[in-house]
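Below: one structure, written as structure tokens.
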């Protein structure tokens, strides 16, 4: 019967991940891809609830760390871009010429950025005097306002964030949550008195990343991206990558230390305690709906999604069984639901008039972590029958249903953590030398300490991209895989989404 | 000192409402209007938090009534508009010619709608094949998908909503929250088996409106809009208006009954129990950030905002007083804050090193409903000193702080309700005949049962606009103010925002 259900719904096996992923996001009703613009999916209620549960975790972390939520306009006038373009060009030249940016003079030049945005040049029947674009991210919009908000050192640190829709004119193949043209986006922007304070902000960001990834059961690789992959205008970029089941890495978050580079371009200054004018040091921290894509990819199986309990839109589905045989069933189900809701759980009662098998498949596909069945005999025994989406069934006492469910959900979370940890451990292989065969579905750990030219050799030989320096170096000396020189720099190379 | 504080912050007296309103929204840090696009303000943390508190009430009502939250793309391809344009043109002609829409043949014609949208015709360096526009509202986007989601009567009712940014190319003068170009918007869209079920949805919508307006302390006028002011494509429109302090009405919500008119244009059908194909009947219900504009306008005073407790971003500000004189003050403040937060209140501790007077002004301006001061003597007496933003001060026992605060906030809410009720009662005057003088700052109740031509006479003579039939008719026969014929139809005329 289970086979019948799966076949009916047409879920490909997860081992064929490139077929499984696009199928399951629609079969589980997370999104509908039939909207007539490519790369702009409709969020269906179940998918949107999942995203909002992830957002709720983010809001909680932001509140804990004294970030304040703002909401900036979507549209940005083109002329604001000039400052940004000059900054980016200057930093690019400095990098190419290997000199300090301060030594260079700003030249007018266009950044590549303009190629990736949607333009609003018309409104009603008018052509606009100043064209505007849909934000791909909000540096330009925000840093136009920051100088109005920051006067003195008492206004710092300024810690703001927003969760908004952003847009990118993708020309590559689009994939739900992973590469889309309208992006559900989180961005934190902070300003500080100096470089050290901004650096501590990056540390706090990584602590937040840790909490969030734990809740979602996502082991991550944290890397300092190579210079050529640093965010435009940033001093350095720290990226957080998830390894998807096909071995490709998915960047789900990134933190950027801007030093005072953007502040100089946008004239974001403050008066210090001695009354001197100083430039602010800034950071940003971004995440997106890719988090949901990572959750879908990491935890699902041949039968559908599996949601980690902290972000499951429905954490517990309650099923009355053979309710026609006993008047005690429905009241017991309602009482259990009330107790669980009272304890803050997200609960659904499924009393549809369908065969139990059909109901199981539905909730399996949707990845509800815990199913509780209550039938006449269960009521007599004072139990609910608990079935975990990750496997394993057992009765739990109705009398103490809240504690029992806590336990069950902890078991699901632990199991998901173990599986994803194991997936990552299996996936990462050490690359000892450039002759070693590169296997599909894996990412490689290397000792690498070469130049940009050496990096090109490494990438071309392996066909993989360098993620950058891992947070933890090797404990002992190694030999750089390209140059052979002694190093402890530990890096990963992978196929990136 | 209070005068000094007010003068420093430059709040005009509220009696000069047209000066007070634009000033207070910035002085209280709800928005920043200095963003370089007119009519697109930046939401500052305090304003955004207030809006999110209003949204939270809306989400709760939607959940209670089994609406499901979705999120549709912002961009709509131009070609989807054709169906809508044809529908609107047809209904307009039917109305003008006084015939049933079913008797008319559809003609190609452009709706006025296109004049009010922002266009995306370029992306990157390309001109798009099909131009797209930023949603002003989502009928077109949603009703393109509804036929894919609705197959049979078991899929009905379909009750969806979203809270998103929408756009309107306003050419009139913009005003924060009231008339803006990027709108924080709520829209519910439902589909039903027949007209009666859709009508019951409108009743449910009005019940929700009742709950929300109660929470915000906003007495409203509910009117069935005249035909010429009915939403394009709707059978009828029910609008919810707030009377602002200057006597102008502000439409803060509206519900539209579409019958099967949109369903016929978009081919939204279902199979009924007998297997016959039927058109759905639809409704929509919209609200926006105007709700916040109404709250600001209705409740504020010469000293700043006053937030009704259910939507106050900060409900209670706790102020330690003379903490240097007793070690017991700070722990007492912290304990009170913990107890209040535990009970679900939004609490802020203000331990800034400023004179108490300065702090008072800040929280007065921001409209925090309750201030609690705790000094050495208060701790000795086991009290906190409570000061309500609406006036009145008294000690409340620390031991039972949660109940005490509940009481205090109830008193604030009751006071706000009384004041706003009184404002409305003072504002509405009966207009007995067309010779009666029209006073500034008032709206008029009339008995009116005339034709469109009579309506034009009424509007031209008074210089006011007809809001439509009030929900409650006159209890006794009256004479129509224009035609003199006997009627119980009760209508309001007003200057509308």
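Since every read-out is calculated from the coordinates, none of them should be taken as a lab result. Please read these numbers as outputs of a predicted model, since none were measured by experiment. With ideal geometry, Cβ positions are generated from the backbone for all residues, glycine too; neighbour counts draw on all protein chains shown.
Could you state the number of Å between the C-alpha centres of segment A:214-264 and segment A:126-190? Here the answer is 17 Å between Cα centres.
Relative to the longest principal axis of the Cα atoms of chain B, helix B:45-64 runs at roughly 60 degrees. In terms of its alpha-carbon gyration tensor, the protein assembly as shown comes out rounded; the largest-to-smallest axis ratio a/c stays below the 1.5 threshold.
Pair-distance distribution of segment A:369-437: all C-alpha pairs, bin width 10 Å, starting at 0; shares per bin in whole percent are 19, 34, 18, 12, 9, 6, 2. Once the label point is set 7 Å along the Cα-to-beta-carbon vector, what list of distances in nm do you get between residue A:97 and its counterparts in the other copies? Output for residue A:97: 7.3 nm, nearest copy listed first. For segment A:428-494, the relative contact order works out to 41 percent when only alpha carbon pairs closer than 8 Å and six or more residues apart are counted. A P(r) calculated from all alpha carbon pairs of segment B:42-298, with 5 Å bins opening at zero, reads 1, 6, 12, 16, 19, 17, 14, 9, 4, 2, 0, 0 percent.
Distance between the 7 Å Cα→Cβ label points at residue A:99 and residue B:452: 7.3 nm.
Going from the fewest other Cβ atoms within 10 Å to the most, the residues A:167, B:279 appear in the order B:279, A:167. Rounded, prolate or oblate: which one fits segment B:189-246, using the alpha carbon gyration tensor with axes a ≥ b ≥ c (rounded when a/c is under 1.5, else prolate when a/b beats b/c, else oblate)? The shape class here is oblate.
Residue A:331 label point (Cα plus 7 Å toward Cβ) to equivalent points in the other copies: 4.9 nm, shortest first. In a Debye calculation with equal point scatterers on the alpha-carbon sites of chain B and no solvent, what is log10 I(q)/I(0) at q = 0.07, 0.08, 0.11, 0.14 Å⁻¹? Cα-only, vacuum Debye calculation for chain B: -0.46, -0.59, -1.02, -1.41. Counting other Cβ atoms within 10 Å as a rough exposure proxy, the listed residues A:215, A:420 run A:215, A:420 from fewest neighbours to most.
Each of residue B:381 and residue A:322 was given a label point 7 Å from its Cα along the Cα-to-Cβ line. The distance between the two points is 6.8 nm. In chain A, the longest principal axis of the Cα atoms and the axis of helix A:195-215 are about 20 degrees apart. With neighbours defined as other Cβ atoms within 10 Å of a residue's Cβ, the residues B:237, A:249 order from fewest to most as B:237, A:249. Full extension of the chain between residue B:422 and residue B:334 gives 27.8 nm of extra length, using 0.36 nm per residue less the Cα-Cα distance. Grab the beta carbon distance between residue A:348 and residue B:115, set R0 = 51 Å, and tell me the FRET efficiency rounded to 0.05. Step by step, r from the Cβ atoms, then E = 0.65.
For an R0 of 41 angstrom, estimate the FRET efficiency from the Cβ-Cβ distance between residue A:151 and residue B:171 and round to the nearest 0.05. The formula returns an efficiency of 0.70 here. Classified by the C-alpha gyration tensor, segment A:314-415 has an oblate form. Its axis ratio a/c, with a ≥ b ≥ c, is 1.5 or above, and a/b does not exceed b/c. For chain B, the longest principal axis of the alpha carbon atoms and the long axis of helix B:139-149 meet at an angle near 70°. Each helix, a run of at least 4 DSSP H residues, gives -39500 (n - 2.57); summed and divided by the residues of chain A, these come to -11000 deg cm²/dmol at 222 nm. Summarising the label geometry, the points placed 7 Å from Cα in the beta-carbon direction at residue A:68 and residue A:434 lie 5.4 nm from one another. Between copies, residue B:429 shows label-point distances of 8.8 nm, shortest first, with the point placed 7 angstrom from Cα along Cα to C-beta.
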